[in-house]
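> I'd like to ask you about the structure that follows.
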Amino acid sequence: MKEDIILAGVGGQGILSIAAVIGSAALEIGMYMKQSEVHGMSQRGGDVMSNLRIADHEIFSDLIPCGKADLIISVEPMEALRHLPMLSHDGWLITNSTPFKNTLDYPDVDKIMATLEKIPNHIVIDADKIAKDLGSTMSANMVILGAACPFLDNVCLDIENGIRNIFGRKGEKVIKSNMDALKAGREYTTALLKKQTIKI
Amino acid sequence: MQKLMLLGDEAIALGAIDSGMSAIYAYPGTPSTEITEYVAHSREAKEKNILASWSTNEKTAMEAALGMSYAGKRTMVCMKHVGLNVAADPFINASITGANGGMIVVAADDPSMHSSQNEQDSRFYGKFAMIPVLEPTNQQECYDMVSYAFDLSEKYSIPVMMRITTRMAHSRAGVVRKPAREQNSIKLPVNLIQYVLLPGNARKQYKKLLGNQQSFFDESAASPFNKYFDGTDKSLGIITSGIAYNYLMENFQDNKLNFPVLKISQYPMPRPFVEKLISECKEILVLEEGYPMIEESLRGFLNNGIRIKGRMDGTLVFEGELNPTKVAAALGIPVPQIANIPEVVTNRPPALCSGCPHIDSYLALNQALDKYAKGLVFSDIGCYTIGALKPFESINSCVDMGASITMAKGAADAGLSPAVAVIGDGTFTHSGMTGLLDCVKHKSNVTVIILDNKTTAMTGGQPSHGDGHLFDIVKGLGVEEEHIRIFKPIRKNHDENYRIIEEELNYKGVSVIIPTRECIVETNKRMREKFK
């Protein structure tokens, strides 16, 4: 049993919080985990990614082999595509649809969406809008994590517990807004899969 | 046993806290920064009175560590690979003086240059200094090796190097702690001339170092971190170093590995194991993260007739970090057909933060230089190096810490006018001050802009040693007071600011302009703390 996850986004978008929540949930049930992250120059608005590996057996490599990731979880649509070579043939790509445009030559968003649509297994969710509607723009990353939750069930992770562990110190209000965001994301994916009668 | 999730860097820090370390010295640099950060923020370290000191540069850090060791206490000094170039003088000489209290030098290499200007391999420095080098394979080894390295250092009175690479430094995994050891008390060296490297004594000390070489080989052969795994298929023997071992094993999760494997994590190389592998196996594949150091030494200048595969014969690409996929290809293991990156994807280089003071400084500089030809601005290492990219394209060099000022001097000596240097406050105190003194001494025609954002921003906001007294430092170095200009880089002051730069570009001598405004990330951090 293993789950290899590529987390992608732009420096400052909160992918390390996603990693921390999943990681904490994995540790809680005694799973092995490795998580490699990017520090330094790219954190200044450049593309960032994290390799997150969870398994019920010893994990050797800190990096996921190319073409073997089970999931790409991205908080930015173009960044999701950047890591496509990492995704396995039956892997799933879950991404935010809200672009983060901090470059002069950011591509046409329609083209990005059209490319995402061609990927066999994908969930595209407007996490920024959902987070805003919930009154908590800061928790778009937890909406994305929520949208990925159905795919994490096979490693039996209690993500809610992970949120409590990671955000516990910040008080009940912060926990609740993150929980709400997570729930909204999960519901989105569950409904979508049901509509398309896809079983995962 | 409870596992802590730690970065490799953090595991080293915790290992040091638990091994009786009394002080850690460092200059921040990716991927080494989190070692010292961890100690600096550790409550336990505070309770144990462990000093976590950000130094002005890697050389001062290394020397302070050597002094701590002289006094009999255990100490660690950390830097990124290029930082070891700065500290090379005390580093090499410390192998001649030897250590008293245990001394560990951690060098964090950055193959693939994620956040660096080259991918030099610090193991060569260890070999150059003729000291033992340890290279952990995983986070638990990072932790365990520290106490081992301190013991080794004290056993032979020699500094010991730990070499890690980016993926080891910045990857988390579970680590189990061991019981902590007390710190050493002050105890001066028995031989009070040990550290006096006058030629007569240096020769004696050097002989002592040479005399210890055989023992270092023996230690490597007996090291718990060097392992020989025998195999039935002797058509190939595999040598791995550091985390390359993980990439090898990743490829044998589902199928059995039948080749003999030598995992090297302590240098000099364990001779008996290497001999056994080479005598028994038809071919040798060397997997090492970094330059082909093991491979080159096994190959020898004349290739020795041993069949060796690695980075030098193209089995693996010479540059860049390894990964499981590259290792699979080197072993002839089929790799899955992978998708390409879709064409629509464009590059997203790092960018200056919205509200960053450097943006306003570069806008002012660009306007002041508008009437001149391009290519007049030498710069340095920090967030402001991003000014080389669009939309600013303000700077024309980034070589090593402090080079902006001295390169501008050399270009001014050649007749380039104006010759401009752009350097950050942290980089200026790290290695820019001596260069500015050169300019003053020779009355060079340079305009030096010290971007003072009051912090070491790129590595996460460590203290900047010139904060609050840059003007006095510059004046003390002999720059005329009327040509030291300070302004606040904000959009509102743009016209005034670019005219100040313009005026100083026109002055045929040394001028220093200090745009001063706190890093926006630090300002936001302070505000969040305040309103929490």
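The values are calculated or read from the model by the stated rules, or taken from the named source; none is laboratory data. Only a predicted model underlies this, so the values are computations on that prediction, with no experimental measurement involved. Glycine gets a Cβ as well: all are built from the backbone with ideal geometry, and neighbour counts include every protein chain shown. All accessible areas refer to the heavy atoms of the entire protein, side chains included, with ligands and DNA or RNA removed. Shrake-Rupley method; radii C 1.70, N 1.55, O 1.52, S 1.80 Å.
> Tell me, which residue of the stretch A:33-52 that is assigned to a strand (DSSP E or B) and more than 7 Å from every other protein chain (Cβ to nearest Cβ) is farthest from B:Thr30 (Cα to Cα)? Quick ask: steps written out before the conclusion?
Taking the stretch A:33-52 first, the residues assigned to a strand (DSSP E or B) are A:33-36, A:47-52.
Then drop every residue that is not more than 7 Å from every other protein chain (Cβ to nearest Cβ), which leaves A:48-52.
Details: A:Val48: 15, A:Met49: 16, A:Ser50: 16, A:Asn51: 18, A:Leu52: 21 Å.
By that ranking, first place goes to A:Leu52.
> From the list B:Tyr507, B:Tyr498, which one is open to solvent by 10 Å² or more (accessible area, probe 1.4 Å) and either of a type in the set (A, V, I, L, M, F, W, C) or farther than 26 Å from B:Pro350 by Cα (or both)? Talk me through it step by step, then tell me what you get.
Values: B:Tyr498 fails: either of a type in the set (A, V, I, L, M, F, W, C) or farther than 26 Å from B:Pro350 by Cα (or both).
Just one listed residue meets the conditions, B:Tyr507.
> Something else: Is one or more of the residues making up the stretch B:39-47 touching a Ser or Thr at 6+ places or on another chain (Cβ under 8 Å), farther than 20 Å from A:Ser36 by Cβ, at pLDDT 95 or above and polar (S, T, N, Q)? Give the derivation first.
Taking the stretch B:39-47 and keeping what is touching a Ser or Thr at 6+ places or on another chain (Cβ under 8 Å), we get none.
There is no residue in the stretch B:39-47 that is touching a Ser or Thr at 6+ places or on another chain (Cβ under 8 Å), farther than 20 Å from A:Ser36 by Cβ, at pLDDT 95 or above and polar (S, T, N, Q).
> Here's a follow-up. Given the conditions (1) touching a residue at least 60 places away in the same chain (Cβ under 8 Å); (2) open to solvent by less than 40 Å² (accessible area, probe 1.4 Å); (3) outside any helix (DSSP H, G or I), which single one is not true for B:Ser354?
Among (1) touching a residue at least 60 places away in the same chain (Cβ under 8 Å); (2) open to solvent by less than 40 Å² (accessible area, probe 1.4 Å); (3) outside any helix (DSSP H, G or I), the lone unmet condition for B:Ser354 is (2).
> Ok, one more. Enumerate the pairs (first residue in the stretch B:405-420 and in contact (Cβ under 8 Å) with a residue 12 or more places away in the chain; second residue anywhere and assigned to a helix (DSSP H, G or I) and open to solvent by 60 Å² or more (accessible area, probe 1.4 Å)) with beta-carbon separation below 7 Å, excluding pairs fewer than 6 apart on the same chain, so at least 6 apart or on different chains.
Correct list of pairs: B:Thr406/B:Asp438; B:Lys409/B:Asp438.
> How about the stretch B:97-149: which of its residues are out of contact with any Cys (no Cβ under 9 Å at 6 or more places or on another chain), of a type in the set (Gly, Ala, Ser) and more than 14 Å from every other protein chain (Cβ to nearest Cβ)?
B:Gly98, B:Ala99, B:Gly101, B:Gly102, B:Ser122, B:Gly126, B:Ala129, B:Ser147, B:Ala149
> Considering every residue within the stretch A:65-80, establish whether at least one is touching a strand residue (DSSP E or B) at 6+ places or on another chain (Cβ under 7 Å) and surrounded by fewer than 19 Cβ atoms within 10 Å (Cβ to Cβ). Talk me through it step by step, then tell me what you get.
Kept after step one, since they are touching a strand residue (DSSP E or B) at 6+ places or on another chain (Cβ under 7 Å), are these residues of the stretch A:65-80: A:67-77, A:79-80.
With surrounded by fewer than 19 Cβ atoms within 10 Å (Cβ to Cβ) added as a condition, the list becomes A:67.
Yes, the conditions are met somewhere in the stretch A:65-80.
Table: residues versus (1) open to solvent by less than 10 Å² (accessible area, probe 1.4 Å); (2) among the hydrophobic types (A, V, I, L, M, F, W, C); (3) away from chain B (no Cβ under 12 Å).
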| position | (1), (2), (3) |
| --- | --- |
| A:Ile112 | yes, yes, no |
| A:Thr115 | no, no, no |
| A:Ile119 | no, yes, no |
| A:Lys129 | no, no, yes |
| A:Gly135 | no, no, yes |
| A:Met142 | yes, yes, yes |
| A:Pro150 | no, no, yes |
| A:Asp158 | no, no, yes |
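> Does the stretch B:302-321 contain any residue that is in contact (Cβ under 8 Å) with a residue 40 or more places away in the chain and surrounded by 16 or more Cβ atoms within 10 Å (Cβ to Cβ)? Talk me through it step by step, then tell me what you get.
We begin by selecting, within the stretch B:302-321, every residue in contact (Cβ under 8 Å) with a residue 40 or more places away in the chain; these are B:319-321.
Imposing the further condition that a residue be surrounded by 16 or more Cβ atoms within 10 Å (Cβ to Cβ) reduces the set to B:321.
Within the stretch B:302-321 (the criterion being in contact (Cβ under 8 Å) with a residue 40 or more places away in the chain and surrounded by 16 or more Cβ atoms within 10 Å (Cβ to Cβ)), the answer is yes, since at least one residue qualifies.
> Among the charged types (D, E, K, R) and more than 14 Å from A:Leu145 (Cβ to Cβ), is that true of A:Arg186?
Working: among the charged types (D, E, K, R): yes; more than 14 Å from A:Leu145 (Cβ to Cβ): no.
When the stated conditions are applied, A:Arg186 does not pass them.
> Let me ask something additional. Could you tell me whether the stretch B:425-441 includes any residue that is in a helix (DSSP H, G or I) and over 31 Å from the mean Cα position of the chain (by Cα)? Give the derivation first.
If we filter the stretch B:425-441 for residues that are in a helix (DSSP H, G or I), which is where we start, we get B:425-441.
Applying the additional criterion that residues be over 31 Å from the mean Cα position of the chain (by Cα) yields B:441.
Among the residues of the stretch B:425-441, at least one is in a helix (DSSP H, G or I) and over 31 Å from the mean Cα position of the chain (by Cα), which makes the answer yes.
> Among the helices (runs of 4 or more DSSP H) lying completely within the stretch B:1-60, list those that include at least 3 residues that are surrounded by 19 or more Cβ atoms within 10 Å (Cβ to Cβ) and away from every other protein chain (no Cβ under 14 Å). Quick ask: steps written out before the conclusion?
Working: elements: B:8-18, B:33-41, B:43-47.
Output list reads B:8-18.
> Check the stretch B:387-406 and report whether any residue there is among the basic types (Lys, Arg), in the same structural domain as B:Gly466 (by TED's automatic domain parsing), part of a helix (DSSP H, G or I) and over 25 Å from the mean Cα position of the chain (by Cα). Please lay out each step first, then the result.
The initial filter retains those residues of the stretch B:387-406 that are among the basic types (Lys, Arg), namely B:390.
Keeping just the survivors that are in the same structural domain as B:Gly466 (by TED's automatic domain parsing) gives B:390.
Going one step further and asking which of them are part of a helix (DSSP H, G or I), we end up with none.
Checking the stretch B:387-406: not a single residue is among the basic types (Lys, Arg), in the same structural domain as B:Gly466 (by TED's automatic domain parsing), part of a helix (DSSP H, G or I) and over 25 Å from the mean Cα position of the chain (by Cα).
> Out of B:Phe378, B:Phe392, report the one residue that is surrounded by fewer than 24 Cβ atoms within 10 Å (Cβ to Cβ), closer than 22 Å to B:Gln117 by Cα and more than 10 Å from chain A (Cβ to nearest Cβ).
B:Phe392
> Which one is surrounded by the fewest Cβ atoms within 10 Å (Cβ to Cβ) among residues in the stretch A:3-19 that are within 9 Å of another protein chain (Cβ to nearest Cβ) and not in a loop (DSSP other than H, G, I, E, B)?
First pass over the stretch A:3-19, keeping only residues within 9 Å of another protein chain (Cβ to nearest Cβ): A:10-12, A:19.
So of that shortlist, the ones also not in a loop (DSSP other than H, G, I, E, B) come out as A:10, A:19.
Numbers: A:Val10: 26, A:Ala19: 23.
Ranking the qualifying residues of the stretch A:3-19, first place goes to A:Ala19.
> Give me a count of the residues in the stretch B:322-345 that are open to solvent by less than 30 Å² (accessible area, probe 1.4 Å) and either more than 14 Å from chain A (Cβ to nearest Cβ) or farther than 17 Å from B:Thr240 by Cα (or both).
Total satisfying the criteria: 3.
> Among the listed residues B:Gly468, B:Gly461, which satisfies the condition of being farther than 17 Å from B:Tyr507 by Cβ and either surrounded by 18 or more Cβ atoms within 10 Å (Cβ to Cβ) or in contact (Cβ under 8 Å) with a residue 60 or more places away in the chain (or both)? So that I can check it myself, show each step before the final result.
On the way: B:Gly468 fails: either surrounded by 18 or more Cβ atoms within 10 Å (Cβ to Cβ) or in contact (Cβ under 8 Å) with a residue 60 or more places away in the chain (or both).
Answer to the check: B:Gly461.
> Can you tell me which of A:Ala80, A:Ala69, A:Ala55, A:Ala25 is over 28 Å from B:Ala457 (Cβ atoms) and away from every other protein chain (no Cβ under 11 Å)? Spell out the reasoning first.
Details: A:Ala80 fails: away from every other protein chain (no Cβ under 11 Å); A:Ala69 fails: away from every other protein chain (no Cβ under 11 Å); A:Ala55 fails: away from every other protein chain (no Cβ under 11 Å).
Going through A:Ala80, A:Ala69, A:Ala55, A:Ala25 in turn, the sole match is A:Ala25.
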